[in-house]
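Before any comments, here is the structure.
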There are 4 protein chains.
Amino acid sequence: MPSVAFIGLGSMGLPMARNLVQAGFDVRVWNRTAAKARDVPGARPAPTPAAAADGAEFAVSMLADDAAVEAAALGPDGILAGLRKGAIHVGASTVSIALCRRLADAHAARGVGYVAAPVFGRPDAAAAKQLWIVPGGAPADVERCSAVFAALGQGLFPMGSAPQASLVKLLGNFMIASTIEMLGESLALAEKAGLDPSRFLGMLTGTLFGAPVIKRYGQLVADTAFEPAGFQLALGLKDVNLALGAGEELRVPLPLASLVRERMLTALAQGRERFDWSGFASVIREAAGLEPVRGPR
Amino acid sequence: MPSVAFIGLGSMGLPMARNLVQAGFDVRVWNRTAAKARDVPGARPAPTPAAAADGAEFAVSMLADDAAVEAAALGPDGILAGLRKGAIHVGASTVSIALCRRLADAHAARGVGYVAAPVFGRPDAAAAKQLWIVPGGAPADVERCSAVFAALGQGLFPMGSAPQASLVKLLGNFMIASTIEMLGESLALAEKAGLDPSRFLGMLTGTLFGAPVIKRYGQLVADTAFEPAGFQLALGLKDVNLALGAGEELRVPLPLASLVRERMLTALAQGRERFDWSGFASVIREAAGLEPVRGPR
Amino acid sequence: MPSVAFIGLGSMGLPMARNLVQAGFDVRVWNRTAAKARDVPGARPAPTPAAAADGAEFAVSMLADDAAVEAAALGPDGILAGLRKGAIHVGASTVSIALCRRLADAHAARGVGYVAAPVFGRPDAAAAKQLWIVPGGAPADVERCSAVFAALGQGLFPMGSAPQASLVKLLGNFMIASTIEMLGESLALAEKAGLDPSRFLGMLTGTLFGAPVIKRYGQLVADTAFEPAGFQLALGLKDVNLALGAGEELRVPLPLASLVRERMLTALAQGRERFDWSGFASVIREAAGLEPVRGPR
Amino acid sequence: MPSVAFIGLGSMGLPMARNLVQAGFDVRVWNRTAAKARDVPGARPAPTPAAAADGAEFAVSMLADDAAVEAAALGPDGILAGLRKGAIHVGASTVSIALCRRLADAHAARGVGYVAAPVFGRPDAAAAKQLWIVPGGAPADVERCSAVFAALGQGLFPMGSAPQASLVKLLGNFMIASTIEMLGESLALAEKAGLDPSRFLGMLTGTLFGAPVIKRYGQLVADTAFEPAGFQLALGLKDVNLALGAGEELRVPLPLASLVRERMLTALAQGRERFDWSGFASVIREAAGLEPVRGPR
C-alpha cells in the first residue's frame, strides 16, 4: 500500500489517521504536540511535517486554521519541502480561499499535486468513516486519491478546483450556522408561546425539514445542550469570517452571515468560549427574555 | 357520513373540498365568486357561509387572509352564525394569532368548537391528500375531526391550543423563507465562484441538508425559476409580517424574519408581484451583481 | 381672539394648551381623564371632544396613538362631529399615514379643514414654546393656522400634504432612533477600549457631529441615564413600526429601522418598559458584555 | 524651526506637507511615486522614508492603508530605521488598531516616540488647515508635537493611547457611514412619498439634525451627487472593515457597521468603484425601486 504522511492529530485528524492505518496505508504522522502520535498505533511518528512527507506518495493535512496550515505546508520544515515531485498533498483543513489558492500555486510550482478535500462531519463521523468529502483539484490528482478518500469517508462530491472546493466547505458551514439561527429564533418564539420545543421540532423534522443538520442542531438548540462543544464557538466564528471574506473578494454581500457573526461575537462577549457553536442560540434566547440555558443548572 | 361546510375554493381549498366529497362527506360549499362551486362535483353550493354551515357538523374554512376569514367566520352571514351548538369549525387558513384567539373565544361563547388546523403543502400536495396538518384546540374537538383530517392529509401534528397551532404555521413559513434566504446567499456566492449551482445543491441535499424544503426551494433558486408562482411573494410577505407580529406580541425579536421581509419588499419594489415567494432570491442575486433571473429565457 | 378646542392633555398637550391660553386664545379642553383640565387655568373643560369643538374656529389634537386619535376625531362625540364647516382641525399627534389620509378625507367630506401638524421637541420644549412644527395640508388652511403655530413653537417647516407631513414626523423619529443605535454601538466599543465616553462624545459634538440630537441623546447613552423616561420605549417602538409600515406601503425597505425595532423589542423583553427610548442602548451594551446600566446606581 | 520628514503625498498628505513648509518647518518628503515631491515647493525630496527621517525631529506619515504604513514605517528603509532616538513619528493614517499597537511597540523598543494622530476632514479641509486632529500617545510626546499640529489643523482632541486614538478615527468613519445609511433610507422614503429631498433635508438640518456631517452628506445623497469621489467607496469599505475588526477583537458586535458594509459591497458589485463612499446610497435607492442616480444623466 502507498505511504501517507498525516499532519495534524486533533479531534478530526486523529480518527482519520487511524482509519488510514486500518486501511493498510503506510502512515507517518506529525503533530504539534508530538505525544499525540502514540494515539495512532501502527503509524510512525516524524519530527517535522517535511520528515513525515519525505518519500510519501500522499500527505494529508488536517489543521485548525490558516496560520497552522501555512506553517505546516509552506514553512521551511513543511510538507511541500518534504514531498517528492509527483506526490499529492490532500488539504482537508477548512481554510480561506486565498490561502487555498496560494497552496495550489506553490505546489504546482514544485511539481507536486494539491487537492483540497474539506470534509463534512464531526469527530464521531470521522471515526466511523462517515465523512462526506468535497475534493477539488486537477481531475487526475483527485482520481489518484480514491483509495485515500475511500478509507476516510462515505461519499465524494468533486467540486472543481481546489479553491472552489474550499469555498464549498465555507458555504456549508455558513449554512449550518444559518440553520442554527433559524432554529434559534423559531424555538425561542415557540417556547415563549408555551409550545414544547421537542414536539415542535419533531413536527418540523417529520415534515418539510427532515434533514440531518436540522435534527442534530435542532435537538441541541431545543435542549439548550451547548456543552461540551462538538465544534467550538470561536472556530465557528472563524469559518463565518472566512465565508464573509470570500463574499467580499467576489463582491457578494452575505447579511445572514453577518447576523450569525454578531450572534457569535455576542456569545463570546458573555464569556461562552466553551460552548458549542450552536450555543449562540443562547443569545437569541436572552434577547427574547429567556434564560440562556434552560435550568435547573 | 357527516355533513361539512367548505368555505373558500381557492387553489388550496378547491382540491381539499374535492377530497372531502370523495371521502363520502355530505359537502356544501361557499366561495366569494360563486361559479367556483361548479368545480367541486358532488357538492351543493350555498349562497352564504352561514347557509353552508346551517345544520352541518363541521365547517372547514380555507381563505386568503385575516380580513377574509374574519368576514366569513364572524360576519352577519358568517360560519358562526350558521353552525349549531356542538358543531366544529376547522380553520385551515393561515391567520394572525390575534385573530385566531378571537375566533376561539367567539366560538366558545356560542358553544361551537374551534379547531385551528393550518396545513403545510402546496396545491399539488392538497390534491394528492398529502398535506401535513397541525391541529390545535380542545383535544376532544381535535379527536372528533379525525375523519375530516384523514380525508385531507398524510399526517397530523397536534400542537396545543388553536393560537399555538396558528403560530406553528407562521413559524413554518418563516422557516421556509429563511431557507430561501440561506440558499439564495449560498448559491449566489457559489455561482460567482464559477461553481455549477445544481451540482452544489446536489452535494447539499446528498449530505447534511437533505430535506424536502431544501430540495424543492433549492431547485427553484438554482434555476431562478420564479414564475409561475406556486405561492405569491405578497402572500409570503403577509405571512412573514404575521410572524413578526407574533414575535412582537410575545417580545421575541426575529432579525432573520426582518431580513427576509426586506428582501421581499425589495422584490416588490422592482415590480415582481407575479414571482413565487422564492423569487426574492432575485434580489440577493442582484446585490451580488448577477442578473435577477438567469438569461436567456 | 379665536376659539380653540384642545383635545388631549398628556405630557405634550398640557403645556401646549397652556401656551394657547397664554397667547389669548379662547380655549376649551377635553381629556380622557377629565380632572386634568384643572391644570390649564383659564381654559374651560368640555365633556366630549365634540362639545369642545362646538363652535370653535380651531381644534388641536395631541393624543397618544392611532386608536386614541381615531376615537377622539371620528367617533360619534368626536371633534369632527362638533366642528362647524370652515373650521380647521390641527392634528399634532404622531399617527400612521394611513390614518392621516383617512382623517384628511373625512374632514374634507364635511367641509372642515384638516392640517397635520406633528411637532419635534420634548415636553420641556413644548413648555418653552420651542417646538418645531411640520404642518401639512391645503396651503390656505396652513396659513390660517399661523397664530396657533406661533403660540406653540419656534419654527415652521410646511411639508406638503397632511400625509406627507405625517410621514416627515415618522422619518424624524426613525432618524433619532437610528442616531441612538449609532451612538450606542460607538460608545460601547469606545468604552470597552478604555476611552472615556463623555470625552469621546465631546470630540464628536465638537467636530462633525455637533447636532442637538447627538448632544442630547449622546449624553443619555454615555451616562446610561435611561430613567426617568422622556419618551417611553414602547412609544418609540410604536413610531418605528409606523415608519416600517409607511415603508411597506410605499415599497421602501428600511433595514436600519428593523435593527432599531429589534433592539427595542429586546429591551422590552428584559422588562424595561420604564426606560426612555434611548434605553435600548442598554441592549447594545449587554451584547458587548457591558452592564446594561453602568453601576453603582 | 525643527525638521520634519513627511511620508506620503496623496490627496491628504500633499496639502498637509505644504502647510508644514508654510509654517516654517524644514521639510523633507518621500512619496512612492517620487515626482509628486515637486508639488511641495520648499521641501527637499528623499529617496526613501529612512533617508527623509534621517536626523529629523519629527516624521509625519499619511498613507492609504495598513500595508503601505507597515512598509514605510517598519521596512528596512522605513521611517523607524531613519529616526534618531528621541524623535517622534506622528502617524496620521487611518490604520487598524492591531497595526497601531505594533507600531507603538516597535518605536518604543527603539527609543522613538510614536503618536497616532488621525485626522477628520477632507482634502479641502487639509488645505485650509481646518483638520480636526485626534492625537494619542505619551502625553509628553503629544505635547511636543503642538507646533506640528498647529500647522495642520483647527483643533486637537487628545484621546489616550495611540491605539485608542486610532480607534476613535475608525469610530468616526463608522459614524459617518451610519449617517449616510440613515439619510439614504429616509430620503428614499421621502422621495417615494413625493416630498422634495432638499426641502426635507433643510427641515432636518434646521432643527434637530444640524451637524456638518448631515449637511454635507445629506446634500450629496439628496442630489445623488456621487461622482467625483471625495473619498472612494473601496476606502470606505476598508475603514468599516477595520471598525468591525476592532469590534471583533474587543467582542463588540456592530450590526450597523455590517449593514453599511453590505451596502458598500453591493455598490461595488454593481461596478461603482468610482463613486464617493456616500454613493452606497444608490443601493438603498435601487432597493426602493428608484433609479440609483436621479436622471437625466
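The values are calculated or read from the model by the stated rules, or taken from the named source; none is laboratory data. Because the structure is predicted, anything quoted here is derived from the model rather than measured. Please note: Cβ atoms are built from the backbone with ideal geometry, for glycine as well, and neighbour counts cover all protein chains shown. What goes into the accessible areas is simple: the full protein's heavy atoms, side chains included, and nothing from ligands, DNA or RNA. Shrake-Rupley method; radii C 1.70, N 1.55, O 1.52, S 1.80 Å.
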- Task: Check D:A165, D:A234, D:A243 and return the single one that is of a type in the set (A, V, I, L, M, F, W, C), open to solvent by 30 Å² or more (accessible area, probe 1.4 Å) and more than 7 Å from every other protein chain (Cβ to nearest Cβ).
- Result: D:A234
- Answer yes if at least one residue in the stretch D:117-124 is among the small types (G, A, S), out of contact with any Gly (no Cβ under 6 Å at 6 or more places or on another chain) and buried (at least 24 other Cβ atoms within 10 Å of the Cβ), and no otherwise. yes
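With more than 19 Å from the chain's Cα centre (by Cα) and assigned to a helix (DSSP H, G or I) as the only criterion, which of D:L201, D:L244 stands out?
Details: D:L244 fails: more than 19 Å from the chain's Cα centre (by Cα).
Result: D:L201 is the single residue among D:L201, D:L244 that is more than 19 Å from the chain's Cα centre (by Cα) and assigned to a helix (DSSP H, G or I).
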- Item | Filter result (crowded, with 22+ Cβ neighbours inside 10 Å and either outside any loop (DSSP other than H, G, I, E, B) or more than 9 Å from every other protein chain (Cβ to nearest Cβ) (or both)) within the stretch C:287-297 | C:A287
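Using the structure shown, decide if A:F226 is farther than 30 Å from D:K238 by Cα, in contact with a helix residue (DSSP H, G or I) (Cβ under 7 Å, 6 or more places away or on another chain), within 11 Å of chain B (Cβ to nearest Cβ) and part of a loop (DSSP other than H, G, I, E, B). Can you show your working first?
Details: farther than 30 Å from D:K238 by Cα: yes; in contact with a helix residue (DSSP H, G or I) (Cβ under 7 Å, 6 or more places away or on another chain): yes; within 11 Å of chain B (Cβ to nearest Cβ): no; part of a loop (DSSP other than H, G, I, E, B): yes.
Criteria not met by A:F226.
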- Restricting attention to the stretch A:177-192, report how many residues are open to solvent by 10 Å² or more (accessible area, probe 1.4 Å) and facing chain B (nearest Cβ under 8 Å). 1
- Is the stretch B:252-259 home to any residue that is over 24 Å from the mean Cα position of the chain (by Cα), facing another protein chain (nearest Cβ under 7 Å) and assigned to a helix (DSSP H, G or I)? no
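Only residues that are more than 10 Å from every other protein chain (Cβ to nearest Cβ) and more than 26 Å from A:R261 (Cα to Cα): list them for the stretch B:260-278, please. Spell out the reasoning first.
Start the filter on the stretch B:260-278 by keeping residues that are more than 10 Å from every other protein chain (Cβ to nearest Cβ), which leaves B:272-278.
Once the filter is applied, which keeps residues that are more than 10 Å from every other protein chain (Cβ to nearest Cβ) and more than 26 Å from A:R261 (Cα to Cα), the stretch B:260-278 yields B:R272, B:E273, B:R274, B:F275, B:D276, B:W277.
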- So, first residue of a type in the set (V, I, T) and open to solvent by 20 Å² or more (accessible area, probe 1.4 Å) in the stretch A:1-30, second residue modelled with pLDDT under 95 and assigned to a helix (DSSP H, G or I), Cβ within less than 8 Å, six or more apart or across chains; the pairs are none
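The rows are residues; the columns are (1) open to solvent by less than 10 Å² (accessible area, probe 1.4 Å); (2) under 22 Å from the mean Cα position of the chain (by Cα).
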residue: B:A71; (1), (2): no, yes
residue: B:G78; (1), (2): yes, yes
residue: B:A98; (1), (2): no, yes
residue: B:G136; (1), (2): yes, yes
residue: B:A140; (1), (2): no, no
- Note on the structure: Picked from the stretch A:100-116 (must be among the small types (G, A, S) and within 23 Å of A:A246 (Cβ to Cβ)), the residue surrounded by the fewest Cβ atoms within 10 Å (Cβ to Cβ) is A:A108
- Which condition does A:F174 not pass, out of (1) open to solvent by 10 Å² or more (accessible area, probe 1.4 Å); (2) within 9 Å of another protein chain (Cβ to nearest Cβ); (3) more than 28 Å from B:A162 (Cα to Cα); (4) part of a helix (DSSP H, G or I), if it passes all the others? (1)
- buried (at least 18 other Cβ atoms within 10 Å of the Cβ), of a type in the set (A, V, I, L, M), in a loop (DSSP other than H, G, I, E, B) and at negative phi, is that true of B:L208? yes
- Could you give me the residue pairs with C-beta distances under 7 Å whose first residue belongs to the stretch A:246-263 and is within 19 Å of A:T179 (Cα to Cα) and free of Cβ contacts under 8 Å to residues at least 12 places away in the same chain, whose second residue is among the polar types (S, T, N, Q) and open to solvent by 10 Å² or more (accessible area, probe 1.4 Å) wherever it lies, and which are 6+ apart or on separate chains? A:P253/D:T266
- Task: For C:A269, state whether it is among the small types (G, A, S), free of Cβ contacts under 8 Å to residues at least 12 places away in the same chain, crowded, with 20+ Cβ neighbours inside 10 Å and over 27 Å from C:L167 (Cα atoms).
- Result: yes
